[in-house]
Structures are given as structure tokens and as C-alpha cells.
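Student: The structure is given below, and queries will be raised subsequently.
The values are calculated or read from the model by the stated rules, or taken from the named source; none is laboratory data. Everything numeric here is computed off the predicted structure, so don't read it as measured data. Counting neighbours? That spans all protein chains shown, and the Cβs are built from the backbone with ideal geometry, glycine included. Just so you know, the surface numbers come from the protein's heavy atoms only, side chains and all, with ligands and any DNA or RNA stripped out. Shrake-Rupley method; radii C 1.70, N 1.55, O 1.52, S 1.80 Å.
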4 protein chains.
Amino acid sequence: MDRKPFLSDNAASVHPHVWEAMRLADQPDSPYDGDQISARLDARFSELFGRECAAIWIATGTAANCLALATMCQPHGAVVCHEEAHIEVDEGGAPGFFLHGAKLMLASGDGAKITPEGIAALIDPIRDDVHQVQPHAISITQASEYGLSYRLGELAAIGQFARERGLGLHMDGARFANAAAFLGGNASEAAGPVDTLSFGCIKNGGMSAEALVLFDPAQADLVKYRRKRAGHLQCKGRYLAAQILAMLDGDLWLANARAANGAAAEIGQAASDRLMYPVEANEVFMRLTATEREALRAQGFDFYDWGAESARFVTAWNTAQDDAVALRRAIASL
Amino acid sequence: MDRKPFLSDNAASVHPHVWEAMRLADQPDSPYDGDQISARLDARFSELFGRECAAIWIATGTAANCLALATMCQPHGAVVCHEEAHIEVDEGGAPGFFLHGAKLMLASGDGAKITPEGIAALIDPIRDDVHQVQPHAISITQASEYGLSYRLGELAAIGQFARERGLGLHMDGARFANAAAFLGGNASEAAGPVDTLSFGCIKNGGMSAEALVLFDPAQADLVKYRRKRAGHLQCKGRYLAAQILAMLDGDLWLANARAANGAAAEIGQAASDRLMYPVEANEVFMRLTATEREALRAQGFDFYDWGAESARFVTAWNTAQDDAVALRRAIASL
Amino acid sequence: MDRKPFLSDNAASVHPHVWEAMRLADQPDSPYDGDQISARLDARFSELFGRECAAIWIATGTAANCLALATMCQPHGAVVCHEEAHIEVDEGGAPGFFLHGAKLMLASGDGAKITPEGIAALIDPIRDDVHQVQPHAISITQASEYGLSYRLGELAAIGQFARERGLGLHMDGARFANAAAFLGGNASEAAGPVDTLSFGCIKNGGMSAEALVLFDPAQADLVKYRRKRAGHLQCKGRYLAAQILAMLDGDLWLANARAANGAAAEIGQAASDRLMYPVEANEVFMRLTATEREALRAQGFDFYDWGAESARFVTAWNTAQDDAVALRRAIASL
Amino acid sequence: MDRKPFLSDNAASVHPHVWEAMRLADQPDSPYDGDQISARLDARFSELFGRECAAIWIATGTAANCLALATMCQPHGAVVCHEEAHIEVDEGGAPGFFLHGAKLMLASGDGAKITPEGIAALIDPIRDDVHQVQPHAISITQASEYGLSYRLGELAAIGQFARERGLGLHMDGARFANAAAFLGGNASEAAGPVDTLSFGCIKNGGMSAEALVLFDPAQADLVKYRRKRAGHLQCKGRYLAAQILAMLDGDLWLANARAANGAAAEIGQAASDRLMYPVEANEVFMRLTATEREALRAQGFDFYDWGAESARFVTAWNTAQDDAVALRRAIASL
């Protein structure tokens, strides 16, 4: 039986336009990021966000997140994030490595989103002395680990809080496109007032390139030295830059995200009472018993269990509409 | 005028077979290195080297070198290498990052090769006490920074020295294929008794994947944790694994290296009295005055100055034979 | 009015026997730890614990803890400790520094003690893959942050758990003497089956030396290299070694701890219904309202608030019996 | 036979005034550096140097040097120092640890002193790109490893060079007092325009405290967080602060240094043709054959060989004048 994949978007095939751009990059040029394609990134992202920024290709979201955080957190400081944030749970301790032992401070919050109140509750009790690690930065995830999108007002509030406390603000945007698509398609609004953004491409039809966007371009130098030092400066960088530009051309990033979000929305309509969270990106979390999950798998659907009583379904840019409909119906029929 | 490129092999185009393999990988599979292509690496390299080994894809030589060294050097130790080794001169301090502050100890040696005698001269004066950093490992480069290939006897001698001193032995093989081709095409002989090998593909027709070969497969776990922690575990790893396998299939790695070596040899024949080193791989270092270099550039040849009185020409898998011949003649005519 | 100090034991004066030993050390000898006094530590602690161990002086408990943990946790691993452990809360991120970015994993437990069940609840859900940091070691505190002493059976259970899981086991013994005194005065029983012990002296009448005890003496080399590398190898180490030996001579460590424990017990008898924890060392935690605390301070007692509704009283080797009695009465009269 | 010690100043006994100050500190006060003695350091050093500075006690010169360098060198940068500098040769890799993998760049220079020209020769060839580690700071040693004192003009020139290149400037002053005494006794002149100074006390009659002097007091916060994080914040810090103040009181630091320098000068007069370097502090390096060294040792003199053909004699604050005279005569009689 043909399997219908809802495991993750992180292993989906590469979009044809990305392939095409990579092929066009297959001619001699300068190594590293000295090529003509890499040179276009800053301007292209400045245009996208409507303000001057630097954009730097990096092969993984983990490295992009960590290099971003290195611009805002010293080794003796800490980064506040949600207790289920990817940087805490799924990056193999990379922040500790890239930040030379800095800590992650774990805030609570519904749907893996954090709020100024939640952050304040975490950091206000910290004594202002050398015995306790002090927060230097905040990292939020757009869309969150549960597929929720921060609204403009929420972002503004966190941004203001960060400024008041003198904290840097980073956004892990592994699924930034999905959040932006959900929020109406405006990149700048979806990013809000963050200082740095890991602009995800790989889960959205790319192959091996994310863009680290620095809204303070003066930080680019630091990131570039650290990228090299982390073994992340690829000598044929033009193939990475090309992927990113292909995602932006003709707003492919939004089109792909809309397709994925649409499929997720389709599934979400199966049974609103099963939904753990509203569907605001390309992930659907549903309460399903072990027996029900078994039944779905028996019908060819692949997905991850999420704890003992629920399941996670992830759609991708290339999720077949038929598969989404089939899954919706299968759940509805349980 | 069409430029004839001899700047470096590190930005050459990607070989068609590599492209083809990447396209074949463009179908759903498990993420990270759980895919069926990545799963083939260990066996394929074990076959190539005639002994059991683990092989792990990594996007850059810098990261491959550093992750290899992390298996053999503790943070309070040191790695002995040549004073002009890539890890010392051109990797932006990556060893210091990956090894948590371990030192590089710099040995001298003709043609950027090191010998047991040279290493002993460096480390024998080190007092065996905690005030001085102790060597934990040796790193050699095959072919060397000057395009010289370690012979079997040289490798055996270093290997024996390393064992006697209890030091790990790493080989930076960014141009391993070129050395192996020069030495007769036997991978195992070209690697000698090293514990770890950064098996280069990118300079030899690949795009974004090197293979880290661990001749003690028990070290694979450590490397995999550290690879993840360094943000180097790509979620669509199958595209990297595919590149590496394509290089091995039908011995493409040797064919490409032989082509590059052949072009270098052609150039080397221009003027034996100008040669700084014998041509044993795909690099040619020649004494050329500034005026002579200017004359060559005026004829369309691109290359790097190497100090004030010489130049470096690097060939690649796709160097046009006509270009090499033209360069040979141009130099001979100076 | 004369203040009666119950703030902490960490700034108490130095015991006369310690002073005397330091003065006796004030003659020429070899630098660092090559002197005759440092040379006696291994044997002296082996005798104390009834098994072969290495003992190394270190100026602070923070450094002792971290150097101990460095023998059992790799940079990509984690140390399990209580969420209120000193290494997590009060050491300024030192474990992250000394362990090169390794994580602390925070277990819950009454009275800042942890149990095999609590640890299992924390680490069992960790997937055995490279995306999640794996535990390498456990650290417990004897006596705990709330002045509770692990009993022999508790220590045995944690030791067995650690062995079964392949985890190192460290004991932060900043107040080890107080626990040992409470448990009957047998050092070996109070340490249980730990691999490393930070044997505290400073809070117990010393000035500037703790002893790091390694029950696997083969680890001493690693610790000594790391101690030097951390700038903790003092050239006049004999003054530190002398402090430690003075603490052991005639079981001064136990006598001092008994004095402190006795004073704490005295205070604890003031009002058993106010006690948050039984008094098993030299700390007393009591429920006291802000008004009550104010009243005590007005009578000359210094102590720390412990949250909004309680207070912490710490006694030391030199706490005046009269002061303890006075505090007991003052609390009883509230 | 009574041995006459010229091995090193690093294990000499503690000066009576230092002992006395420590005893006076033996009364209750706030822990860490919150005590009244520590609180006096900033003002006392500001007075000594005639400009505002912060002064922080640290137990070892290694830690003081590294914490100073951490204010001026990022993890991806480098510190330029002499190839025989203590931080390179004798600190067990501590700079790599404290600076998170930053490099030391080794300049040459007579008598272990470096010059703007020597530094320029080292760093000018470094390409301004991410592939090569960039210098962030310079560290010089006053007096140098060979007992030479930088003159005011030399310090001014290095200071100007550092400013022009945007590099921080640190001075390792393990024997700063000896240099200052040699230069006339003015602390400010002996420090020149450095940004940070490790003001040594231990080799000059102290026990376990050096002062890190920050001529930009705004850096004190960073150093204090890093000191804690490195396990160097002792809870009974008043005993360290007391040592330092005792050294400054009545210019004991200069008196002690003058005594040591005088003894070295005495020895230096034995045979000017044997002197490898002029005697400008408390170290004497002399050409002496193995036979001659053996003869001296047979007469009761203890000292270190310095290579195969010379010896190092170090005097201390308490070197007996008779011993120095005896050594002078013994050498003269060889």
C-alpha cells in the first residue's frame, strides 16, 4: 500500500524551482560567499522586509539559530525560550556549544508560545548578582512548536519587553513561511521587531539552505567569522544562495507555505473537538487514542505519536490534496 | 577574453554524475541520516578501504577535520600539525572551537609535510607536567598544502610514531583523491594507518559533502552527537550521501582526480627549474616574477600569487586540457 | 547592638587550628602541589574513607564541583541534578563553562534531594538519539540545599541506579561534614558509592581550600590538567593543603560540624510546627511571617528571608551557643 | 648542608605584614567580595595609578591574565604575545579555556619582549577575511620572562600601535613590582598605557591573591561574572583583599621588589660576560656549563637549568643577602 506521509516536512522533496536555480548556479564563480548569487541576498531580503538587513546562508536551522544567538548572548549569559523550544529540546545541545556554555532559561506558555508575563515570571526572581546567570536574549519560534503563529500585537509586546530589559530578540523561523502565510503574507509583520530571524527554507521546499536575517547589518561580520569557525562556510556557497533566492522569486516561499497550510487546515476540519490547538500553520495536533492511531496507520497514514493520547500530522509544500482529504475523512470516520 | 581558471578547485562546477545522484535522491525518505542512501556509506567505504570503518557525511572539510580531531584530542590537549596546515591557517580557528580550546602545535617540514623527526623535535621538549599542554593527536594532510603526497613508507613511519607516543592520527584529505591517484589509485595505501580521514569530495566534483571516515567505527557515536551539536546534521542528508556515493561509483573520485592531476602535470612540464615542488597532485607552485605573472594574467590565466616571487596554479576535475596546454606554453615562453 | 549572625556559614572566621597549620606551612618547599604537605592528601583521605582515593585541593566548591563533573560528563552530555542545586542556581553558570556547554538536567525532589525515581522520570523520556542531549552523570548534594542528609540506603539506591544507567555520580559536599556528623560521623557511609566528592572545608572553619576526592584515583591526572587550565593551580599550594589536613587532624571537621549542627538543632527546637524540614545539618528553614522576621531582626538576629513566608538560619562551627539559645527563645516567644 | 634557594620566587614564604593583614581580616564580614576590605581595592589602586581603575582579587596570575584577556578578545579572535610568554608556555592552555578557543599568536623578540615592529611583522600578513583568525589584543609581560623591563618609550609605542590597530593591550605583571622598582618606583609609568594589568603579589611576598587592574572600570562587571563562572569567586574573599592591601601599605610591594632586585643585581655582578640579559628585575640568566652548574649545586645552590648551556637564578623578597653574595662569589670563582 502506498504510504501517505504526514511525519514531517523536514524530509520532503525539493521544489523544482529550487533545483532549477541550483542548476543555473552550476558555473564558475568565486568560492565561499564571494559569488554573484550570494551577493544578492542582502538586497533581496532588505526588499522583502522593507528595511535594511543582512542575510547569510547557513545549511541548517540549528546553526542559523545558534549563530543568531551568538550576536546577542555572551558565554556567561542566558537565552530565554519556551521549555519545548527546538533549541532546548531538539538541537542536541547546540546552543551550549555555539554560545560557549551559556544557559537556556525555560519559560512556560500555551502552545509553546511565550509572553512578556511568562518571561517576567521566569527572570524577575533572578537576583542581580554574579551568582546567578543573567538573561541576555529571548528566542521565540514562529510558527511555534505546536503550529501557532504569534500575532502582530504579541510580537510587539515581546519586542517592547525585550527592549525594556535590554535583551536581544531572536526568532526561530523554521516554519516562518507558514506563519507568514497564515498571518496574511507580509514578511515584515510576521517577523515583528525581532533583531535576528532564522528564515527557514528547507522545510518549505528547499534542500540545504536557511537564511539568517540580521536586522542590524553591523552584526554580519561577527556572524560570518563565527560561521566560518563553525565549519559552516561552504566553498560552493552559490548553490545555497541559489536555493534561497529561488524561494523568494515570485513568492514561492508563500505559495509553498499556503499549500502546506491548506492541507493542514483540511485535516484540521476532521474533528474540531479532537484539536489540541487551532491550526495556524502546517501542523495538526489531535487527540487520538492508540487504537485510533493504529486504525489510521492501517489505512496508510504515517505520522508521529504525540504522547500517549494524541498525534501530530505535518503537511508539506507537496502534500497531495487527495491525501489530506483522505486523512480528514479517515479521522472523521473514527 | 575568456578567463582560464587556475585559482582553485574549490569552486569548480559539480560533476554530472553527482547531479544525477542527487536527483535520484529526490524522493521521500527518512530525515537526517536515517535514509537508505546514508545507510550505505559504512559498507561502501569499508569495501573501498578493505577494512571495517564508519563513514559520515559532513558539509565541509573544516567540520569534518574538527569532528575527527574531537575523537582524539581532549580540550586540554593539543594537535600537532604542519605550520601551514589548513586547520591552522585557513579554518578561521575552527579547531579551537570544536576542540574547546585545545591547541595546535606547529611542526615544520618541507612542502608542508611533517615527519616523525619533525614532530619529535617539537614535542620532545615539552615537559610532562600540567603547566604545558600535552599533544594528544597528529594531523597530516594528504596531499599536502603544496600538493605533495605522503608515500606509504612515510605514512607507516608516522603511524608507528603516533602509536608509540599514544597519539591519535588524523588525515585531512581535502585532496585525498589526488594523492591516491598519484600513488596508484589504492585508497587504503594512500590513507596508511590513520585513525580518521576527511575524505574530500567537494574539490573533486562534489557539491556540499565530504565523508568523515572512522577506522574505529566505535567512534561513530561520538562524531554523530558532535555533528548534531555543531548544527551539521542536515535533515535532508540523503542529498549529501548521494553525492559521496556518486563519487565512489565506478571510481569517479579517481577518474576526476586523475584528470586534475594530469592537467597539473601538463603545466608542471612548462619549466622544471621554476617548480618549487614536484607535482604530485593537482597543484603547481612556480617561481614567477610579478612581471611574468602579469604577462600570464594578460593572456587570460587566473591564479593566486604565492608570496612575492611565485604563483600557485590549481587544476580541477573539469580543467580543460586546452587550457592546461595553453598555460604550459605560456609559461615556457616567458 | 551586637548582631547575632545566622546569615551563612560561608563567611565565618577561620578555625585556630587551620591558622596554625598555615603558619607551619610558611617555610620553603616546592611550588604548586609538589610540596610535602600536598603530598600527604591522598593517603590521608584514603585512610579517612577506607579505600584508595586521590585528593586534590581546590580553592572553591564551585571549581571542585565542576572539575569533578569534568571527569564524568562530556561536552555534549548532561548532568542530572536537583532543580535547586547549587551548581544550577548559585554558581554563575560555572558547569557550562567547565563542561564546555554540557547541560544540567533538573530533577524535582523534596528538600532538594533526588531519588532514582525522580531521575528516571526526568531521563526516561529522553529519546536515545543525537537530537536530544543525553545524561552522562548525576550530582547530588550532601547535605542538601535544605539541610537534609541522604541516608545510606538512599545513597546506595542512587549509586545502583547510576551504575545501571552508566552514569557517573558526584557529590557536592559543601556541607559534607554536617551531613556526616548527623549520620554518625563515618565519612565513608556519608559519601556512599559516589565516584567523586567535593569535600567542603571552607564553610566548616577553613579559609580557602576544598578537597576534591576521586574514588577512582586514575582520574587525578585529568583533574590536575583541568585545574591548571582553569587557573586553579596555586603556586603556594601548601597553604591550601595545610588547611585541609588541619581539618582532618583529630577529626576537627567532625567537631566543627557537630558544633554547627548542635546550634541548628537548638534553634530547630523553638517551634516544630514552623519547621519546613527536619534539621539534619546546620541549616534551619522556618515559616515566619514578615512581621515575625522583622521582630527577630529587631532583636539583633541576622538571617536571610526564604521566599515571602519563611526564613533560613545557618549556623557555623563558631556559632555562639548563647546566640542559638537566644534565637530559639526569640522564635518560641513570637 | 643548608640549601640556598634560587629556584623561583613562586614558593617563597609569605611576608609578615601579609600574615598580619590576614589575621586582622579574621572577623565576621560579608561573603565573596562584599566585605569592607575588598571594597577598598578600587580606590587604593586608583590612587596608586593616579587614574580611576577597578581592582579585583584573583587567586592566581593565570586566572587574572585570562580574565583580563576575556575583556578584549572574543572567542573567534586572537591574542598576540611573545612566543615564550607565560600564557603560551606555562599556563596549561588556560587562555584557550577562558577565551573559548581563541588563539595565541606568537611574536618573536629579544629577551621575551615584543615591539610594534615584531607584532606588525606577525599580523600584517594576515588576510582580512574570515578564513584567518584576526588579532583582537596584545599581551606583554612586565618584567619579561627574561627579567627585562619595558621602558616608558617602549610601552608608549606598543600602546599607540594597539590603539591604531584597534587592539586591546594587557600586561602580565606577575613580576610587575620588580619592573616598577627597577624603573624608579612609579606604578603608572611601569604600566604605561595598558588597558588591563595583572598586578602580581604572590611572587612578591603574598600568599594567594593577585590584583586584576582594569583601567576601564566599566569592564569590572564582565570580569566579575566571568570570575564567578570560573570558580574563582572565593566566599572568604576578605583574606585575599587583605593580602593585596598589605602589599600596597607603605609601599611594601616596592620594598619587597627592591630587595629581590638587589639580590639579583648582586648575583649579576659575578661575571658580566656570562650574563645572557641585563639584570632588570629579580632574575639572572647566565651561561654556565653543566660542569659549572654541578659545581654550584655541590656548594648548596638550587636553581633551574635553562637549556643545556645556561642557568636561571631567581631571587625573592626574602633572599638572604649572604646567600646572594655567596652565589656571586661562587660564580666568579668558577
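Student: May I ask for the longest run of chain D untouched by trypsin sites (Lys or Arg not before Pro) that are loop-located per DSSP and have at most 13 neighbouring C-beta atoms (other than their own) within 10 Å?
Tutor: Longest site-free region, per DSSP loop and neighbour criteria: D:128-334.
Student: What are the ³J(HN,Hα) values, in whole Hz, obtained from phi via the Karplus relation 6.51 cos²θ - 1.76 cosθ + 1.60 with θ = phi - 60°, for each residue of region B:311-320 in sequence order, with x given for Gly and Pro?
Tutor: 9, 10, 10, 10, 9, 9, 4, 10, 4, 6
Student: Once the label point is set 7 Å along the Cα-to-beta-carbon vector, what list of distances in nm do you get between A:PRO28 and its counterparts in the other copies?
Tutor: The answer, with the shortest distance listed first, is 4.4, 7.2, 8.2 nm.
Student: Another question, if that's okay. Chain pair D, C: how much accessible area is buried, both chains summed, with a 1.4 Å probe, in Å² to 100?
Tutor: Protein heavy atoms only, the D-C interface buries about 3600 Å².
Student: A follow-up question, please. Within chain B, what whole-number % of the accessible surface is contributed by carbon and sulfur, with the 1.4 Å probe and all protein chains included in the calculation?
Tutor: Details: 5350 of 11080 Å².
Exposed carbon and sulfur together represent 48 percent of the surface.
Student: If you don't mind, another one. Over region B:16-251, calculate the relative contact order: mean separation of alpha carbon pairs under 8 Å at least 6 apart, over the residue count, as a percent.
Tutor: Numbers: 465 pairs, mean separation 69.0, N = 236.
In percent, rounded to a whole number, it is 29.
Student: Turning to a different aspect of this structure: Please report the spacing between the Cα centers of region B:118-160 and region C:36-94 in Å, no decimals.
Tutor: Value for the Cα centre distance between the two parts: 34 Å.
Student: Calculated from DSSP H runs of 4 or more alone, at -39500 (n - 2.57) each and per residue, what is the 222 nm mean residue ellipticity of the protein assembly as shown, nearest 500?
Tutor: Roughly -11000 deg cm²/dmol at 222 nm, from the helical runs in the protein assembly as shown.
Student: Still on this model: Please list, ordered by chain and number, the residues whose modelled amide H lies under 5 Å from the amide H of B:ILE138; skip anything fewer than 5 residues away on the same chain.
Tutor: The answer is B:VAL80, B:GLY168, B:LEU169, B:HIS170.
Student: Same structure, new question: Looking only at region B:271-311, which residues have a backbone nitrogen under 13 Å from a spot 7 Å from the Cα of B:ALA320 in the C-beta direction?
Tutor: Backbone N within reach: B:300-302.
Student: Would you mind checking which residues have amide H under 5 Å from D:MET276's amide H? H placed 1.01 Å from N; only 5 or more apart, or other chain.
Tutor: Counting only residues 5 or more places away or on other chains, the set is D:PHE285, D:MET286, D:ARG287.
Student: A follow-up question, please. Which percent of Cα-Cα pairs in region C:32-182 sits in each 5 Å bin, short to long?
Tutor: Using 5 Å bins, I get a P(r) of 2, 9, 17, 22, 21, 15, 9, 4, 2, 0, 0 for region C:32-182.
Student: For a quick check of your reading of the filter: which GluC sites (Glu not before Pro) in region B:1-53 sit in a DSSP loop and have no more than 14 other Cβ atoms within 10 Å?
Tutor: When the GluC sites (Glu not before Pro) of region B:1-53 are filtered for loop state and at most 14 Cβ neighbours within 10 Å, B:GLU52 remain.
Student: Can you list residues from other chains, or at least 5 along the same chain, whose modelled amide H is less than 5 Å from the amide H of C:ALA107?
Tutor: C:CYS81, C:HIS82, C:GLU83
Student: Using a 1.4 angstrom probe, figure out how much accessible area region A:16-251 has per residue, in square angstrom, rounded to the nearest whole.
Tutor: Each residue of region A:16-251 exposes 30 Å² on average to a 1.4 Å probe.
Student: A follow-up question, please. Apply the a/c threshold of 1.5 to the C-alpha gyration tensor of region C:228-334 and tell me whether it is rounded, prolate or oblate.
Tutor: Prolate is the answer for region C:228-334, as a/c is 1.5 or above and a/b outweighs b/c.
Student: Here's something else I'd like to know. For C:GLU83 and D:ARG51, what does the FRET efficiency come to when R0 = 41 Å and r is the distance between their Cβ atoms, rounded to the nearest 0.05?
Tutor: Given R0 = 41 Å and the Cβ-Cβ separation, E is 0.35.
Student: Provide the gained length on full extension for the span A:ALA298 to A:LEU106, in nm with one decimal, where the gain is 0.36 nm per separating residue minus the Cα-Cα distance.
Tutor: Result: 65.3 nm gained on full extension.
Student: Specify the residue with the greatest mean-square fluctuation among D:GLN74, D:GLN321, D:GLN132, computed from a Gaussian network of chain D linking alpha-carbon atoms under 10 Å apart.
Tutor: D:GLN132
Student: Considering every residue in D:231-244, what mean count of other chain Cβ atoms within 10 Å of its Cβ is obtained?
Tutor: On the way: counts 20, 8, 9, 10, 13, 11, 2, 1, 3, 3, 0, 0, 0, 0.
Across D:231-244, the average partner-chain Cβ count within 10 Å equals 6.
Student: So what are the ³J(HN,Hα) numbers for region B:266-276, from phi and the Karplus equation (6.51, -1.76, 1.60; θ = phi - 60°), rounded to whole Hz, Gly and Pro as x?
Tutor: Ordered by residue, 3J(HN,Hα) equals 4, 5, x, 6, 4, 6, 4, 6, 8, 5, 7 Hz.
Student: Over 21 Å between Cα atoms: which of A:LYS236/D:LYS103; C:LYS103/C:LYS228; A:LYS103/D:LYS103; B:LYS113/B:LYS224; A:LYS4/B:LYS236 fall into that group?
Tutor: With Cα atoms farther than 21 Å apart: A:LYS236/D:LYS103; C:LYS103/C:LYS228; A:LYS103/D:LYS103; B:LYS113/B:LYS224.
Student: Now, a different point. At a 1.4 Å probe, which residues in region C:28-63 are at least 30 Å² less accessible with all protein chains present than in their chain isolated?
Tutor: Buried by the other chains: C:PRO31, C:TYR32, C:THR60.
Student: Output wanted: per-residue J couplings in Hz (rounded whole) for region D:127-135, from phi through Karplus 6.51 cos²θ - 1.76 cosθ + 1.60, θ = phi - 60°, x for Gly and Pro.
Tutor: After applying 6.51 cos²θ - 1.76 cosθ + 1.60, I find 5, 7, 9, 6, 6, 10, 5, 9, x Hz.
Student: Next up: Tell me whether chain C comes out rounded, prolate or oblate; compute the Cα gyration tensor, take square roots of the eigenvalues as a ≥ b ≥ c, and use a/c under 1.5 as the rounded threshold. Please list the in-between numbers first.
Tutor: Values: a/c = 1.90, a/b = 1.17, b/c = 1.62.
Oblate, since a/c reaches 1.5 and b/c is not below a/b.
Student: Quick one: which bits of region C:108-156 get at least 50 Å² less accessible when the partner protein chains are in, versus the chain alone, with a 1.4 Å probe?
Tutor: C:VAL130, C:HIS131
Student: What ranking of C:VAL314, B:VAL89 comes out by heavy-atom accessible area, probe 1.4 Å, highest first?
Tutor: Details: C:VAL314 0, B:VAL89 45 Å².
Highest to lowest solvent-accessible surface, that is B:VAL89, C:VAL314.
Student: Can you grab the distance from the C-alpha centre of region B:219-268 to the C-alpha centre of region C:165-204, Å, no decimals?
Tutor: Cα centroid of region B:219-268 versus Cα centroid of region C:165-204: 51 Å apart.
Student: Next question. Can you tell me the FRET efficiency between B:ARG23 and A:SER30 if r is taken as the Cβ-Cβ distance and R0 is 35 Å, rounded to the nearest 0.05?
Tutor: Taking R0 as 35 Å, the efficiency between B:ARG23 and A:SER30 is 0.85.
Student: Compute the distance in nm between two label points, each set 7 Å from the Cα along the Cα-to-Cβ direction, one at A:ASN186 and one at D:ALA308.
Tutor: 7.9 nm
Student: How much net charge surrounds A:ALA94 when only the other residues with a Cβ under 9 Å from the Cβ of A:ALA94 are counted, with Lys and Arg +1 and Asp and Glu -1? Present the calculation step by step, with values, prior to reporting the outcome.
Tutor: Working: positive: B:LYS228, B:ARG229; negative: A:GLU91.
That sum, taken over residues with Cβ under 9 Å, equals +1.
Student: From other protein chains only, count the Cβ atoms within 10 Å of every residue's Cβ in B:95-107, then give the mean.
Tutor: Mean inter-chain Cβ contacts per residue within 10 Å come to 6.
Student: Using a 1.4 Å probe and counting only protein heavy atoms, arrange D:THR319, B:THR291 so the residue with the most accessible area comes first.
Tutor: Result of the area sort, largest leading: B:THR291, D:THR319.
Student: Right, here's the next one. Which percentage, to the nearest 5, of the DSSP beta bridges contained in region D:16-251 is antiparallel?
Tutor: Restricted to region D:16-251, the bridges split so that about 35 percent are antiparallel.
Student: Pull out a ≥ b ≥ c, the square roots of the eigenvalues of the alpha-carbon gyration tensor of the protein assembly as shown, then state rounded if a/c is under 1.5, prolate if not and a/b is larger than b/c, and oblate in the remaining case.
Tutor: Here the protein assembly as shown falls in the oblate category.
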